[in-house]
There are 2 protein chains.
Amino acid sequence: MDATEALGARFETWQQFEFDESRCAVRGLLDRIGDRWSMLLLCALAAGPRRFSALARLVPDISKRMLTQTLRILEADGLVHREVRPTVPPSVTYSLTPLGRSFTVPLLGLIDWAEAHFAQVVEARERRAAAA
Amino acid sequence: MDATEALGARFETWQQFEFDESRCAVRGLLDRIGDRWSMLLLCALAAGPRRFSALARLVPDISKRMLTQTLRILEADGLVHREVRPTVPPSVTYSLTPLGRSFTVPLLGLIDWAEAHFAQVVEARERRAAAA
DNA sequence: CGACATGGTCTCAGATAGAGACCAAATCAG
DNA sequence: CTGATTTGGTCTCTATCTGAGACCATGTCG
């Protein structure tokens with residue numbers, strides 16, 4: 001059984017749960033980290049702990065608003081740890097928790113695929129653009 | 001070098017490209033398939049080709065609008081094949097392309113992680129809800 | 001004295017997603 | 001013959017979400 005078949009079989013079992021968010025991991029979890037910024041921030045934190053402003057610089061086009069919001073969700077989900085040191089001005093450091101570090105394994109798999117097949121995707125887009 | 005370190009190192013190289021969409025696979029690709037519906041639809045198609053209305057039934061709370069839009073993007077990116085048979089009423093069948101099938105490998109990895117660690121995430125959320 | 005850095009929050013406008021009406025043509029039930 | 005149903009969408013309207021940028025308090029540096 002290859003991955004496609006395995007995935008198809010997996011999908012069928014979810015139907016029984018009717019995708020109930022509290023029991024279906026895919027809906028309950030990938031809905032959250034499957035947004036524009038979560039994976040990118042997890043990548044940024046994989047290299048080591050970073051302060052709020054460092055993350056803002058590392059991921060240039062994220063707004064402070066979304067940076068705060070995304071980090072709060074990742075913290076609530078137990079993937080990221082937030083540490084405040086009450087200096088003045090305040091210093092807040094974000095880092096991956098052990099759970100967050102375990103997530104880097106499948107995340108790296110996804111990114112490897114993206115880098116290996118990106119050229120094919122670009123080609124498909126261009127073929128389609130040319131046809132239109 | 002474990003996955004976390006590898007991911008961190010990878011992130012640093014992206015900085016050189018300044019996340020230029022045309023060259024950075026992560027921005028150019030995961031921005032598209034990393035949304036609410038793309039991965040779910042790819043899972044649904046992993047079990048075999050499906051017609052438009054079948055997909056709408058399999059993924060209950062997707063609107064027709066988003067179903068159309070998401071399938072068009074997946075088609076443009078070369079992950080999904082769309083086949084129209086000009087019967088009346090029309091019959092349109094969607095299936096994974098070879099590229100789409102290759103994506104099921106990392107996708108399955110992500111889902112395995114989600115199912116294995118979902119309990120921990122829920123626990124983290126509950127701990128946080130209790131603290132508030 | 002005045003500018004700057006920190007880690008945010010707040011407001012407002014613009015983009016995006018969802019709900020549901022609508023469509024055309026054929027087919028099927030009554 | 002009539003009227004409902006199926007198909008694969010599109011269109012409009014509204015609700016939600018996102019991004020830009022102002023603002024804040026406080027201490028430090030020039």
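The values are calculated or read from the model by the stated rules, or taken from the named source; none is laboratory data. Bear in mind the structure is a predicted one, so any value in this text is a computation, not a measurement. Here the Cβ positions follow ideal geometry from the backbone for every residue, glycine too, while neighbour counts run over all protein chains shown.
For B:R72, are the conditions met, namely being free of Cβ contacts under 8 Å to residues at least 12 places away in the same chain, of a type outside the set (G, A, S) and closer than 17 Å to A:A124 by Cβ?
Numbers: free of Cβ contacts under 8 Å to residues at least 12 places away in the same chain: yes; of a type outside the set (G, A, S): yes; closer than 17 Å to A:A124 by Cβ: yes.
Spelling it out, B:R72 is indeed free of Cβ contacts under 8 Å to residues at least 12 places away in the same chain, of a type outside the set (G, A, S) and closer than 17 Å to A:A124 by Cβ.
Can you name the condition, by its number, that B:M1 falls short on among (1) more than 7 Å from every other protein chain (Cβ to nearest Cβ); (2) surrounded by fewer than 20 Cβ atoms within 10 Å (Cβ to Cβ); (3) of a type outside the set (K, R); (4) not in a loop (DSSP other than H, G, I, E, B)?
(4)
On the given criteria, is A:Q69 modelled with pLDDT of 95 or more and not charged (D, E, K, R)?
Numbers: modelled with pLDDT of 95 or more: yes; not charged (D, E, K, R): yes.
Against the criterion (modelled with pLDDT of 95 or more and not charged (D, E, K, R)), A:Q69 qualifies.
Mind telling me which of the residues B:G109, B:G78 ends up being at positive phi and of a type in the set (G, A, S)?
On the way: B:G109 fails: at positive phi.
Answer to the check: B:G78.
Take the conditions within 18 Å of A:A114 (Cβ to Cβ), within 17 Å of the chain's Cα centre (by Cα), at pLDDT below 95 and not in a loop (DSSP other than H, G, I, E, B) and apply them to B:D35. Does it pass? First the steps, then the outcome.
On the way: within 18 Å of A:A114 (Cβ to Cβ): yes; within 17 Å of the chain's Cα centre (by Cα): yes; at pLDDT below 95: yes; not in a loop (DSSP other than H, G, I, E, B): no.
Criteria not met by B:D35.
Starting from residues that are surrounded by 12 or more Cβ atoms within 10 Å (Cβ to Cβ) and of a type in the set (S, T, N, Q), keep the ones in region A:69-87 and report whichever is farthest from DNA strand C (Cβ to nearest atom). Steps first, please.
Just the residues of region A:69-87 that are surrounded by 12 or more Cβ atoms within 10 Å (Cβ to Cβ), to begin with: A:69-82.
The next check asks that each one be of a type in the set (S, T, N, Q); those that pass are A:69-70.
Numbers: A:Q69: 7, A:T70: 11 Å.
If we take residues in region A:69-87 being surrounded by 12 or more Cβ atoms within 10 Å (Cβ to Cβ) and of a type in the set (S, T, N, Q), then A:T70 is farthest from DNA strand C (Cβ to nearest atom).
Condition check: within 8 Å of another protein chain (Cβ to nearest Cβ) and within 12 Å of DNA strand C (Cβ to nearest atom). Does A:R36 satisfy that?
Working: within 8 Å of another protein chain (Cβ to nearest Cβ): yes; within 12 Å of DNA strand C (Cβ to nearest atom): yes.
It is true that A:R36 is within 8 Å of another protein chain (Cβ to nearest Cβ) and within 12 Å of DNA strand C (Cβ to nearest atom).
Of all the residues that make up region B:15-26, how many are at the interface with another protein chain (Cβ under 8 Å from one of its Cβ atoms) and buried (at least 17 other Cβ atoms within 10 Å of the Cβ)?
3
Does A:L55 qualify as being away from DNA strand C (no atom under 16 Å from the Cβ), assigned to a helix (DSSP H, G or I), touching a residue at least 12 places away in the same chain (Cβ under 8 Å) and under 29 Å from B:E126 (Cα atoms)?
no
Which is free of Cβ contacts under 8 Å to residues at least 12 places away in the same chain, more than 28 Å from A:R101 (Cβ to Cβ), exposed (fewer than 14 other Cβ atoms within 10 Å of the Cβ) and within 13 Å of DNA strand D (Cβ to nearest atom), of B:P60, B:P90, B:P49, B:P98? Give the derivation first.
Working: B:P60 fails: within 13 Å of DNA strand D (Cβ to nearest atom); B:P49 fails: free of Cβ contacts under 8 Å to residues at least 12 places away in the same chain; B:P98 fails: within 13 Å of DNA strand D (Cβ to nearest atom).
Going through B:P60, B:P90, B:P49, B:P98 in turn, the sole match is B:P90.
Does B:W113 satisfy the criteria of being within 15 Å of DNA strand C (Cβ to nearest atom), within 11 Å of chain A (Cβ to nearest Cβ), within 27 Å of A:R23 (Cβ to Cβ) and touching a helix residue (DSSP H, G or I) at 6+ places or on another chain (Cβ under 6 Å)? Lay out the reasoning, then the answer.
Numbers: within 15 Å of DNA strand C (Cβ to nearest atom): no; within 11 Å of chain A (Cβ to nearest Cβ): yes; within 27 Å of A:R23 (Cβ to Cβ): yes; touching a helix residue (DSSP H, G or I) at 6+ places or on another chain (Cβ under 6 Å): yes.
When the stated conditions are applied, B:W113 does not pass them.
Please verify whether region B:73-93 includes one or more residues that are of a type in the set (V, I, T), within 20 Å of B:L58 (Cα to Cα) and part of a helix (DSSP H, G or I).
yes
Tell me which residues, restricted to region A:63-87, are over 13 Å from A:L45 (Cα atoms), more than 13 Å from DNA strand D (Cβ to nearest atom) and either among the hydrophobic types (A, V, I, L, M, F, W, C) or within 14 Å of chain B (Cβ to nearest Cβ) (or both).
Correct list: A:A76, A:D77, A:G78, A:V84.
Yes/no matrix, rows are residues, columns are (1) in the same structural domain as B:S91 (by TED's automatic domain parsing); (2) of a type outside the set (K, R):
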{"residue": "B:E5", "(1), (2)": "no, yes"}
{"residue": "B:V26", "(1), (2)": "no, yes"}
{"residue": "B:L29", "(1), (2)": "no, yes"}
{"residue": "B:L40", "(1), (2)": "yes, yes"}
{"residue": "B:R50", "(1), (2)": "yes, no"}
{"residue": "B:A54", "(1), (2)": "yes, yes"}
{"residue": "B:D61", "(1), (2)": "yes, yes"}
{"residue": "B:R65", "(1), (2)": "yes, no"}
{"residue": "B:R72", "(1), (2)": "yes, no"}
